[in-house]
Amino acid sequence: MRHIISVLIENESGALARVSGLFAARGYNIESLTVAPTEDATLSRMTLVTYGDEMIIEQIIKQLNKLVDVVKLLDLSDGPHIERELMMVKVRAEKSNREEMKRMADIFRANIIDVTDCSYTIELTGAGDKLDAFLKAVNEDLIMEVVRSGPLGISRGVKGLGL
Amino acid sequence: MELTGAEIVVQALKDEGVEFVWGYPGGAVLHIYDAIFQQKAVQHILVRHEQAATHAADGYARATGNVGVALVTSGPGATNAVTGIATAYMDSIPMVVITGQVPVPFIGSDAFQEVDITGITRPCVKHNFLVKRVEDIAETMAKAFYIAKTGRPGPVLVDIPKDVTDPSVRVPYAYPKKVSMRSYKPVEKGNVRQVRKAVDLMVKAQRPVIYTGGGVVLGDASDELRKLIKHTNFPVTNTLMGLGSVAASDKHFLGMLGMHGTYEANMAMHEADLIIAIGARFDDRVTGKLAQFCPNAKIVHVDVDPASISKNVRVDVPIVGQVKPVLKDMLKFLQERKTAPDAAALKEWWGRINAWRSVDCLNYANSDKVIKPQYAIETLHKVTRRRNFYLTSDVGQHQMFAAQFYPFEKPRRWINSGGLGTMGFGLPAAMGVQQAFPKASVACVTGEASIQMCIQELATCSQYDLPIKIVLLNNGYMGMVRQWQEFFYDKRYSHSYVDALPDFARLAETYGHVGMTIESPGDLEAAYKEAFSLKDRLVFMNVIIDPEENVYPMIEAGKGHHEMHMSPHLSAERELA
Ligand SMILES: Cc1cc2nc3c(=O)[nH]c(=O)nc-3n(C[C@H](O)[C@H](O)[C@H](O)COP(=O)(O)OP(=O)(O)OC[C@H]3O[C@@H](n4cnc5c(N)ncnc54)[C@H](O)[C@@H]3O)c2cc1C
Ligand SMILES: Cc1ncc(C[n+]2csc(CCOP(=O)(O)OP(=O)(O)O)c2C)c(N)n1
Ligand SMILES: [Mg+2]
């Protein structure tokens, strides 16, 4: 099963390596991992997406909790939550397909954030499958470069991850 | 009080009540060594290889329960210490290892003797720190000790760049009285409702077994465990790491379980309807094939580390907490109950267990011509039983024979590397124990292969007058390897013969010790007696044993508890009868 886990971790050098090292050393799957400081500069918040059966996910959560730098974590998959991922796609946008690209961006509620004579850079936010759908919809030959952030997650309602 | 970084390191050790530091100097720790030179409270023991510094600190920690401390330089000093750190990590031993590092501005430049030791050790420490400011040393040291000894204990490494201990920089010093970390809050007591659930199962059980491990030793809960056993009349088995937490002479004790465990312990586990696991981690040497592990049992598991619970085996009643308070609660709730454990069922259960016992699975064919390793250990027990005795071990057959044939009556008396199985552990660990208990009798049982992995420490023993008794069970083989090759590789003894052995007795003598070579079973007891009567001397006993004795019983890796190989001697005996 796919799980998305949010982790509050001390913002210290080596903290990220402890998490990634844990996944490598114990052979856990890691699909994506994003990390950035929080509003409290001494803390970072990490979102990671992993796969595994129930026993493995339980171990992943326990092993993460066991890391001395980890302050708190929440398996978002346990409850209602929202996921968003940011993608930037650079596409060839020359005379013939400039209009078409613009239309496509509009349909997906994406923004064109950089323009040259021959390219657009399109910014798109949404759940992962929406980003996938966009990439599918665009002619493959026109895609020059894609960068995705990996999902971020937050739980719905009052429940959440805080100190 | 204003101190230099180096003085802060040493002062922090004093404030932690550290008596001994095992170490080896080098460029990056010279300032610290200078501070050590100028004081007396903390005694530094100079080893001959950094691996031994960590093993000695580890042995000290296992025997005393205190945090062991080692100090090594950057680069090769630090990498040499890694085996000892990993050894302590696998067995959850509280230890603080201080490593020197190149000066902060040089970090990352491939400077002379630079290694990323926090990176290298990350997977084999409980935690590690790189201290970049002199102002942070005291607090970091306090955290290191706190983390090492609380919760599930383990080694903590503190990496200190040379410029941070610069003698020209002084800062105010105050050692934190209390450590509190928002990210690290170890649990103490177990959840009372869970303990009650466990007690419900215990009073209903027909075929219970208590299976305990290193956690009972580490958590100093041997008394509580013994009370629980007395109250319940339940059978108990120990892992290799748990030996001594129940008196081996207690009739409730079934011996060790697992790969080289007793027939009765493994059969009882296999047939049990309730397993009460206490401070044990369901290691693969213990469980064998998971699918066949305790097929009919409900499992209660007490462990301070939630990650140990349901890691390999799903448990029915998890109890996260320190063994000591949990066992106290368990006993209290049992005593409050009107219904006691089912006496009739237990009687029947004990009947079955005693039938398994009567197989006498450790029985061996002794000889009057060649010394059998089993006999060597039994005789060691005979000679040392009334002494204040500690036994350390290296890794191999001799370790298993010691575990099977030396009946330990108290915890912290049997000191060996179980999780990592580190050859070379025995002698330096004995140094740590002897340093802690100068008056005690400390012996190290070893093999001719293992001893050569840290034999240079005979010099350390000379320098510090450590009267350790080394019992080398010399079979001329890496016996444990040879046994597997005999069983599983058609006796193709690939590189397991230990050729070109030195004359160990003479080697010991050149280090200033007493050496003995013992070849005949008839001479063994007298030799031991003589050795142990030499109170102030290290005696190296090279005991020449049967080269091809095997350790029985044995469960092959990946087999179930009921599929033990028994000694061929037993079946021969049975056929005769
Ligand atoms: C050659 C060789 C052969 C071996 N054969 C065997 C064998 O036949 N049988 C055998 O048993 N072992 C054997 N071993 C050892 C084996 O590899 C493991 O080291 C051992 O089984 C682990 O013991 P344990 O489960 O007691 O765990 P330990 O490693 O001692 O772990 C202790 C557990 O207790 C917990 N704990 C620690 N402190 C506390 C506390 N205060 N309160 C609560 N919980 C706590 C920890 O979290 C951990 O889960 C062998 C080793 C070697 C080298
Ligand atoms: C450092 C290290 N290297 C290799 C091994 C694998 N190993 C386990 S037991 C053993 C043989 C030990 O031989 P010896 O010390 O003579 O003991 P014996 O089994 O003969 O009693 C070996 C090589 C190990 N445990 N540790
Ligand atoms: Mg040998």
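Derivation of every value follows stated rules applied to the coordinates shown; laboratory data play no part. Please read these numbers as outputs of a predicted model, since none were measured by experiment. In this analysis, Cβ positions are derived from the backbone assuming ideal geometry, glycine residues included, and neighbour counts consider all displayed protein chains.
Just for the range B:94-207, what percent of DSSP beta bridges are antiparallel, to the closest 5?
Details: 1 of 12 bridges.
Counting DSSP beta bridges with both partners in the range B:94-207, the antiparallel share is about 10 percent.
Put a dot 7 Å past the Cα of B:Phe437, heading toward its Cβ, do the same for A:Asn139, and the two dots end up 8.3 nm apart.
Stretching the chain fully between B:Phe112 and B:Lys491 yields a gain of 131.7 nm (0.36 nm per residue, less the alpha carbon separation). The angle separating the long axis of helix A:128-137 from the principal Cα axis of greatest extent in chain A is about 20 degrees. Here the dipole of the range B:244-363 is about 180 debye; that uses its Cα centre as origin and unit charges on the Cβ of Lys and Arg (positive) and Asp and Glu (negative). Scan the range B:208-256 for trypsin sites (Lys or Arg not before Pro) in coil per DSSP, keeping those whose Cβ has at most 13 other Cβ atoms within 10 Å, and list them by number. Sparse-neighbourhood loop trypsin sites (Lys or Arg not before Pro): B:Lys251.
Considering every residue in A:19-31, what mean count of other chain Cβ atoms within 10 Å of its Cβ is obtained?
Values: counts 0, 0, 3, 2, 0, 1, 3, 1, 0, 0, 0, 0, 0.
Partner-chain Cβ atoms within 10 Å, mean over residues of A:19-31: 1.
How much of the DSSP bridge set in chain B is antiparallel, in percent, rounded to the nearest 5? If you can, show how the numbers build up before the last one.
Values: 6 of 71 bridges.
Antiparallel bridges: around 10 percent, rounded to the nearest 5.
Antiparallel beta bridges, as assigned by DSSP with both residues in the protein assembly as shown, represent about 40 percent of the total such bridges.
Note on B:His565 and B:Ala500: with the Förster distance fixed at 45 Å, the Cβ-Cβ geometry gives a FRET efficiency of about 0.90. If R0 equals 60 Å, the separation of the Cβ atoms of A:Cys118 and B:Asp166 corresponds to a calculated FRET efficiency of about 0.55.
Histogrammed with a bin width of 5 Å, the alpha carbon distances of the range B:288-366 distribute as 3, 11, 12, 15, 18, 18, 14, 6, 2, 1, 0 percent, first bin at zero. With kT/(6 pi eta Rh) evaluated at 10 °C and eta = 1.306 mPa s, and Rh the Kirkwood radius from Cα pairs, the range B:282-333 diffuses with a coefficient of 132 µm²/s according to Stokes-Einstein. Which pairs in the list B:Lys189/B:Lys328; A:Lys159/B:Lys143; B:Lys230/B:Lys347 are over 20 Å apart, alpha-carbon to alpha-carbon? Listed pairs above 20 Å: A:Lys159/B:Lys143. Would you mind computing Rg(Cα) / (2.2 N^0.38 Å) for the protein assembly as shown, counting N as its residues? The protein assembly as shown yields a ratio of 1.09.
Treating r as the C-beta distance of B:Gln43 and B:Met181 and R0 as 25 Å, the FRET efficiency rounds to 0.25.
So what's the net charge close to B:Gln397: Lys and Arg +1, Asp and Glu -1, counting the other residues with Cβ under 13 Å from its Cβ?
Numbers: positive: B:Lys372, B:Arg482; negative: B:Asp394, B:Glu448, B:Glu486, B:Asp546, B:Glu548, B:Glu549.
Neighbourhood net charge equals -4.
Enter the mean number of other protein chain beta carbons within 10 Å of the beta carbon of each residue in B:123-136, as an integer. Please report the intermediate quantities before stating the final value.
Details: counts 6, 1, 1, 3, 4, 3, 3, 3, 0, 1, 0, 0, 0, 0.
Averaged over the peptide's residues, the number is 2.
Do any trypsin sites (Lys or Arg not before Pro) in the range B:469-577 lie in a DSSP loop with no more than 10 other beta carbon atoms within 10 Å, and if so, which? Could you put the intermediate results ahead of the total?
Values: sites: B:Lys469, B:Arg482, B:Lys491, B:Arg492, B:Arg506, B:Lys529, B:Lys535, B:Arg537, B:Lys559, B:Arg574; in loops: B:Lys491, B:Arg492, B:Lys535, B:Arg537, B:Lys559.
For trypsin sites (Lys or Arg not before Pro) across the range B:469-577 that sit outside H, G, I, E and B with at most 10 neighbouring Cβ atoms in 10 Å, the list reads B:Lys491, B:Arg492, B:Lys535.
Summing +1 for each Lys or Arg and -1 for each Asp or Glu among the other residues whose beta-carbon sits under 13 angstrom from that of B:Val551 gives -2.
If you keep only loop residues by DSSP, which trypsin sites (Lys or Arg not before Pro) in the range B:398-462 have at most 16 other Cβ atoms within 10 Å of their Cβ? Could you put the intermediate results ahead of the total?
On the way: sites: B:Arg412, B:Arg413, B:Lys439; in loops: B:Arg412, B:Arg413, B:Lys439.
Within the range B:398-462, the qualifying trypsin sites (Lys or Arg not before Pro) (loop, at most 16 other Cβ atoms within 10 Å) are B:Lys439.
Straight-distance candidates among the lysines for linking to B:Lys40, with alpha-carbon spacing under 18 Å and chain neighbours fewer than 8 residues away dropped: B:Lys14. PRE reach from A:Thr42 (point 7 Å along Cα→Cβ): which of the range B:1-44 fall under 18 Å by backbone N? In the range B:1-44, the label zone of A:Thr42 (backbone N under 18 Å from the point 7 Å along Cα→Cβ) covers no residue. Between A:Arg92 and B:Glu188, the modelled label-to-label distance comes to 7.0 nm, taking each label 7 Å out from Cα in the direction of the beta carbon. The alpha carbon centroids of the range A:1-64 and the range B:498-577 are separated by 49 Å. Between B:Glu19 and B:Lys369, full extension at 0.36 nm per residue minus the direct alpha carbon distance yields a gain of 121.3 nm. Projecting label points 7 angstrom from Cα along Cα→Cβ for B:Thr510 and B:Glu135 puts them 5.5 nm apart. What longest range of chain A stays clear of loop-exposed GluC sites (Glu not before Pro) (DSSP non-H/G/I/E/B, at most 16 other C-beta within 10 angstrom)? Excluding the exposed sites themselves, the longest stretch runs over A:95-163. Quick check on the protein assembly as shown: helices-only [θ] at 222 nm, where DSSP H runs of length 4 and up contribute -39,500 (n - 2.57) each and the sum goes over total residues. Nearest 500, please. Only helices count here, giving -10500 deg cm²/dmol. Give me the angle, in degrees from 0 to 90, between the Cα long axis of helix A:15-26 and the longest principal axis of the Cα atoms of chain A, rounded to the nearest 10. Orientation of helix A:15-26: about 80 degrees from the principal axis.
What value in Å³ per residue do you get for the convex hull of the alpha-carbon atoms in chain A?
On the way: hull volume 23.1 nm³, N = 163.
Expressed per residue, the convex hull around the Cα atoms of chain A is 141 Å³.
Along its first, second and third principal axes, ordered by size, chain B spans 80, 60, 42 Å in Cα coordinates.
A simple packing score, the average count of other Cβ atoms within 10 Å per residue, orders the peptides B:85-91, B:96-102 as B:96-102, B:85-91, with the highest score first.
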